[in-house]
Amino acid sequence: MKDKDKVQDTTGQEIADIQDDKIDVTKSVFQVNREMHEQKLAELEEKQRELERQAQEREKKKREEYERRILEEKKELMRLKQGIIDESETIHEEHEEQKKLTPWQAVKNFFYHNKWWLGLGIFFAAVGVFLIVNLLSKPRPDMVVLVIGEYDSVGYSEGLENYVASFADDFNGNGKTEVSIYYIPYSEDSYKNYANGVDTKLTTQLQMADSVIVIGGDSIGNILTPESVFADLEGLYPENPHVEDYYFYLRDTPFAQRIGADTSDLDDSLFLAIRTPQKLMYSDEEDMQETYDRDFPVFDAMIKDLSE
């Protein structure tokens, strides 16, 4: 009986153990999975650390080798400089093998390495061509007349250009007669002169030999001395009633009608004069003499026409 009970107890205990084992098996599956996962992660991390350690070791060896080689080369270079040795087995002059380029590759290579210089060259060449074309295409007048003073009705008059051109010839040989009027509105107001660039224009024109005929008024005496600039008209036209010293006065002449201006717009001090040839800042006396010889017949024709 006791044996029977013992057998029953043993059987019951085994069943309980089996049930407990089932529960343990279920838990161990998750646990094993987690542990396997953690183990794999640990292995991967260990491999990664090992790879990094090996990489660091290689880099260290490489750096040490480089430093050792540099040190050896420095020592060898010192020996060469001191004349201890004639040749070095450590230091070798390295020549990079030059790659042969096709003609097209050579052209592309040239443009690539010189693109900035080529760009600058093209820019300055374009500017040069523009200036040359502008210079060649710019109309060159046969003669130039200066109008100095605030005389808008004269300085801006197309009639004055036509009037002077009626006595001129085609001096430059371009097939037509052209006269330019350089109007310089000089006034006694220095601020106005500065704002209009009058001083610069006046100085430039009076130091060039492009023009000798001048139309001006009383204000011109503030900027130059007539006897050092203009020809003595009394010696050239002793009997002319409109001539006084260096000026041919335009009052009481048909000048206003000739240029299509209103007589009331003209100042009584307005005169016509001609500059004498002399050496200038921007021109030689010979150049000015050439301009004088060319323009004087026009000046003389105007004096005779206005004196009728």
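The values are calculated or read from the model by the stated rules, or taken from the named source; none is laboratory data. Source: prediction; values computed, not measured. Heads up, the Cβs are rebuilt from the backbone with ideal geometry, glycines too, and the neighbour counts pull from every protein chain shown. When the accessible area is computed, the model is the full protein with side chains, heavy atoms only, and any ligands, DNA or RNA have been set aside. Shrake-Rupley method; radii C 1.70, N 1.55, O 1.52, S 1.80 Å.
A few remarks follow.
- Residue-normalised accessible area of region 135-187, given per residue in Å² at a 1.4 Å probe: 51
- Within region 197-266, the GluC sites (Glu not before Pro) that combine a DSSP coil assignment with at most 12 other C-beta atoms in a 10 angstrom radius are GLU239.
- Averaged per residue, region 193-288 has 51 square angstrom of accessible surface, using a 1.4 angstrom probe with ligands and nucleic acids left out.
- Anisotropy class assigned to region 175-308 is rounded, per the alpha carbon gyration tensor with a/c under the 1.5 cut-off.
- Percent carbon-and-sulfur accessible area, region 104-229, ignoring ligands, DNA and RNA, probe 1.4 Å: 60
- Calculated FRET value between MET208 and LYS108, using beta carbons and R₀ = 45 Å, to 0.05: 0.30
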